Amino acid sequence: MINKYPLWKYLLLAAVILAGCLFALPNLYGDDPAVQISPRSGVLAADLQNGVRNTLENNGVENFRLREEDGRLLVLFANGDDQLQARDLIQQNHGNRNTVALNLVPATPAWLRSIAKPMGLGLDLRGGVHFLMEVDVAAAVTQAEAKYIDDFRTFLRGRDIRYRGARQADDGVRVRFDDAQRRDAALAAIRSEYFDLELETLEEDGDFYIIARLTELARENERRSALDQNIITLRNRVNELGVAEPIVQQQGRERIVVQLPGVQDTTIAKEILGATATLEYRMVHGTSTDWYAAQDTGRIPANTKLYKMRDDDSPILLQRRVIVTGDQIKDAASGIDTQSGSPAVFINLDGAGAKRMQDVSSENIGNPMAVVFIETQVTTVKRGEEYEKKRTRVEEVINVATIRDVLSHRFQTTGLDTTEARNLSLLLRAGALKAPVEIVEERTIGPSLGQENIDRGKTSVMIGLALVLVFMAVYYKAFGLIADIALVVNMILIVALLSMLPTSLTLPGIAGIVLTVGMAVDANVLIFERIREELRNGYRVQEAIHSGYEKAFVTIADANVTTLIAAVVLFVFGTGPIKGFAVTLSIGIVTSMFTAIFGTRALVNWFYGGKKLKTLPI
C-alpha cells in the first residue's frame, strides 16, 4: 500500500483550485458608484458619450470615467455625492430618449471583467425595496367576460335576432329577451359560435335570459395569462423607472415579487407599479344640448355612453365604439405642446392602431374626438368590524379636439398636468396591467443597513473560519493543517460558484456559508478519527491512511447526501430568503465533499504516500 495518486489527479485538483481563484478574484475589487444610461429603444446615440461628458464638465463634475458595456453607457465616479449630482444632470439633459439609473458597477480590471464577475448581492445586503404583489385574477376573468357584451350585440344583430340588452352581472354576462323563442334561437346561435363559454337560461320577472360565463379551462387560461402579462408589464415599468438589476418573478399562483435594488423612496415606485391608467380614443356624439338632455332625463342614445369632463364635471356623449386603446400604443413620451405651452403626451401607434385611426379620422375631418383617461382607484371601506378594499373604475374625458387632418401613427394628447403626463407616458410605454394588483407586503432596506449586514456577515464567517482553523491545527497537528488548507480552498470554491451562477448572496445565504464552514471539517474529523483508530488497532501507517479514507467515505456520503436532500427541498418549497440559504448550503456541501475527500487525500498522499513511516502527526 503506497497511497500515491497518478499525475492527472494532481493536475485536475490544481486546475479546479486555479479556476476557483480566478472566478473568486473579482470579489476583492469592490464596486464603483455609477450612473447607467440605457436607450429606451434601438441603440445608444453616437454622440451620447460626448454629450454626457460636456454636460458633466460644464456643471463642475470631475473625476468620472465613461464606459460602454452591454449596449449601455456607464459613468463611473469615486463617491456617491458625485453620482447623485450627475444622475440629476444626465436625467435633465439626456433623459428623454434614455433611461437613467443609479447603479453599483464592479471595479474589476478590464482583463478580468471579460472572464469573471463578482457575485450578486441580494436586497438585504445591497439595500432597496421589496414588494409582494397580489394579482386580482378574478377581475381579469370578469374583464374577459365583459368583452363578450359588444360581441353578442354585433353577433345577434347580424343574425337578425332581437334582444333587449346585454350587461355584466355577478354570475356572468346576461343577455335579455322578450320571449323564450328568441332566447332559444340566440342560445343555439351563440353555442355554435363561442366554444369557450358555458351557457344557461333563466326566467325572471317575465324576462328571458341567457347567462354566459367562461368555462373552467378558459378561466384558468385567463388567470395564467393575466399573471404572465402583469409580470411582463411590471418588468417594463421597472425598466422605465430606471432601476438597475431589478427582480420581477412569480411567487405562487397569484403573487408577484418585485425587488428594486438601490431604491429608497417607495412612494413613486408604488404609484407606478400599481397604476392601471390607460387611454381610449372615441368620437363625440351630438352637441352640448344632447349631452345635458341625456344627463337630465337618463335617456342615453343607442351606441353611446355618457361621460364627465375632468375640468368642469360637465356631461358629454361619446360613441361606444373605441377607435384605439392603450394596447395599440407602441411608444409614448411626455413633453410640451408648442402651440399652447401645456403638458402633452406624444403618442406612436402600432400598425393596426394607425390604420384604424387613419380610417376614422379621414371620415370625420371637422368632427370632435375625445380622449378618455381610465384609471382603477383602490379605496378602503369598513364593513362591520372588518375593512375591505374596493376597486372603482374611473373614466374621465381629459381632452376634446376637432380633427383637422388625417391622423396616423403619431399625434399628441393634452389635458394633463406635468406629473400626470410624465407618468402616463411611462405607463403607456410599459403597457397596461391585465388585472389590478395590490401590494400585500412591503419592505425597505437602507444602504447603511445593507452594508452593516455585509460587515457582520463577513465578521461571522471570519470568526467561525478562524476558530475552526485553530482547533483543527491544535487537535490534529499536521493533518489538521491539511484540513485547514482544504477549508480555505472550500471557501474560495463557494465564492467562485456563487459568482458563476445567476444567483444573489443574501443574509440567510451568509448563514448557509457559516454553517458549511463547520460542516466542511466534519468529513475530515471522521477520516482522521478512523485513521487514528486503525493505528491503535495495529495497522501500518500506509494501511491506516488507506483504510481511514475508504471506510469513512460511506458515512460521509450518507451524512452529506441527506443534508443535500433537505437543502433541495428547502429550495423547491421555500421562498425568498429560504432559497438563498438553500443555495449556499447546497454549494457548500458539494464543495466540502470535494475538498475534504479528494483534496485532503491528494495532500496526504503527496506528503506521506509511498514513505516508510512508523508514526503520523495526527
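The values are calculated or read from the model by the stated rules, or taken from the named source; none is laboratory data. Since this is a predicted model, take the numbers as computed values, not measurements. Ideal geometry is used to build each Cβ from the backbone, glycine not excepted, and the neighbour counts take in all protein chains shown.
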Inset, instruction - Look through segment 83-140, keep the residues that are out of contact with any Gly (no Cβ under 7 Å at 6 or more places or on another chain) and among the charged types (D, E, K, R), and return whichever of them is farthest from L18 (Cα to Cα). - result: D136
Inset, instruction - Exactly one condition in (1) at pLDDT below 85; (2) farther than 27 Å from D150 by Cβ is not met by A277; state its number. - result: (2)
Inset, instruction - Out of A139, A169, A218, report the one residue that is under 30 Å from P246 (Cα atoms) and out of contact with any helix residue (DSSP H, G or I) (no Cβ under 6 Å at 6 or more places or on another chain). - result: A139
Inset, instruction - Go through the residues of segment 339-361 one by one and say whether even a single one is under 37 Å from the mean Cα position of the chain (by Cα), assigned to a loop (DSSP other than H, G, I, E, B) and either at pLDDT below 85 or not β-branched (V, I, T) (or both). - result: yes
Inset, instruction - Give segment 496-543 a look and list any residue that's touching a residue at least 40 places away in the same chain (Cβ under 8 Å), farther than 25 Å from G457 by Cβ and either crowded, with 23+ Cβ neighbours inside 10 Å or not aliphatic (A, V, I, L, M) (or both), or say none. - result: I527, F528, I531, R532, R540, Q542, E543
Legend entry - Residues that are buried (at least 17 other Cβ atoms within 10 Å of the Cβ) and within 26 Å of V470 (Cβ to Cβ), drawn from segment 544-562: A544, I545, G548, Y549, A552, I556, N560
Legend entry - Inter-residue pairs, beta-carbon under 8 Å, first under 18 Å from P577 (Cα atoms) and in segment 447-463, second acidic (D, E) and at pLDDT below 85, 6+ apart: G450/D124; N453/D124
Legend entry - Sole residue being under 27 Å from the mean Cα position of the chain (by Cα), of a type in the set (A, V, I, L, M), modelled with pLDDT of 85 or more and more than 30 Å from V495 (Cβ to Cβ), chosen from V135, V175: V135
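Residues are listed down the side, and each one gets a yes or a no for (1) outside the structural domain of R456 (by TED's automatic domain parsing); (2) more than 25 Å from I247 (Cβ to Cβ); (3) of a type in the set (A, V, I, L, M); (4) modelled with pLDDT under 85:
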site	(1), (2), (3), (4)
L497	no, no, yes, no
E534	no, yes, no, yes
V561	no, yes, yes, no
P577	no, no, no, yes
S586	no, no, no, no
S592	no, yes, no, no
L603	no, yes, yes, no
Inset, instruction - Select from segment 445-458 the residues that are at pLDDT 70 or above and either outside any helix (DSSP H, G or I) or not small (G, A, S) (or both) and list them in ascending order. - result: I445, Q451, E452, N453, I454, D455, R456, K458
Inset, instruction - Report yes if E62 is outside the structural domain of D171 (by TED's automatic domain parsing), part of a loop (DSSP other than H, G, I, E, B) and either of a type outside the set (V, I, T) or surrounded by fewer than 20 Cβ atoms within 10 Å (Cβ to Cβ) (or both), otherwise no. - result: yes
Inset, instruction - Inspect segment 81-98 for any residue being surrounded by fewer than 20 Cβ atoms within 10 Å (Cβ to Cβ) and in a strand (DSSP E or B) and give the result as yes or no. - result: no
